[in-house]
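Visitor: What follows is a single structure, and I will ask about it in a moment.
The values are calculated or read from the model by the stated rules, or taken from the named source; none is laboratory data. From a predicted model like this one, the values you see are computed outputs, not experimental measurements. As a convention, Cβ positions derive from the backbone with ideal geometry for all residues, glycine included, and neighbour counts pool all protein chains shown.
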Amino acid sequence: MSKIIDKAWEIQTKIEKKTERLGKGKYGRVLKMARNPEMDEYIKTSEMTAI
């Protein structure tokens, strides 16, 4: 049972370290500024890319 708990903590630590670095780097700014488009924005973008 102890091995399972140790492995779970190890995985949890790895995930937390990766999420700490998520906002940094060349894509961090893009991810921070990203948002879901409104329905009309989505439709217009879909129409433009379909042409």
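Visitor: Output the residues belonging to the stretch 26-40 that are modelled with pLDDT of 75 or more and more than 12 Å from the chain's Cα centre (by Cα).
Guide: Within the stretch 26-40, Asn36, Pro37, Glu38, Met39, Asp40 qualify.
Visitor: Moving on. Anything in the stretch 1-47 that is part of a helix (DSSP H, G or I) and of a type in the set (A, V, I, L, M, F, W, C)? List them, or say none.
Guide: Answer for the stretch 1-47, where residues must be part of a helix (DSSP H, G or I) and of a type in the set (A, V, I, L, M, F, W, C): Ile4, Ile5, Ala8, Trp9, Ile11, Ile15, Val30, Leu31, Met33, Met39, Ile43.
Visitor: Is it the case that Glu47 is under 22 Å from the mean Cα position of the chain (by Cα), modelled with pLDDT of 75 or more and surrounded by fewer than 10 Cβ atoms within 10 Å (Cβ to Cβ)? Walk me through it before giving the result.
Guide: Details: under 22 Å from the mean Cα position of the chain (by Cα): no; modelled with pLDDT of 75 or more: yes; surrounded by fewer than 10 Cβ atoms within 10 Å (Cβ to Cβ): yes.
No, not satisfied.
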